[in-house]
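Worksheet: one structure, shown below.
The values are calculated or read from the model by the stated rules, or taken from the named source; none is laboratory data. As the structure is a prediction and not an experimental result, all values here were calculated from the model. Neighbour counts run over all protein chains shown; Cβ positions are idealised from the backbone, glycine included.
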Amino acid sequence: MGIVQDSEHSDGAPTINGTGIRVKDIASAYEHSGYDPDEITQLYPNLSLSDVHRALAYYYDHIDEFRSPSSEPASA
């Protein structure tokens, strides 16, 4: 599976193809919650270990986009 972006799905956020699981959710589980890739596959049983690593690689390859203020949801 690869990483896809579809403006009609997940508000255009990068997701793992065929799952609807957003790259930023996997990265958050890894970076902020402290889960290792094996544990992330338990959180998301539809993902293989290679899917998790692919998502993390995508995240780090595009980290500036994920961490830019425009990538955060608008506050009300």
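Within region 58-76, take every residue that is of a type outside the set (D, E), part of a helix (DSSP H, G or I) and loosely packed, with under 13 Cβ neighbours inside 10 Å and give me the one that is modelled with the highest pLDDT.
Out of the qualifying residues, it is Y60.
What's the total number of residues in region 1-30 that are assigned to a helix (DSSP H, G or I), surrounded by 12 or more Cβ atoms within 10 Å (Cβ to Cβ) and either aromatic (F, W, Y) or at pLDDT below 95 (or both)?
2
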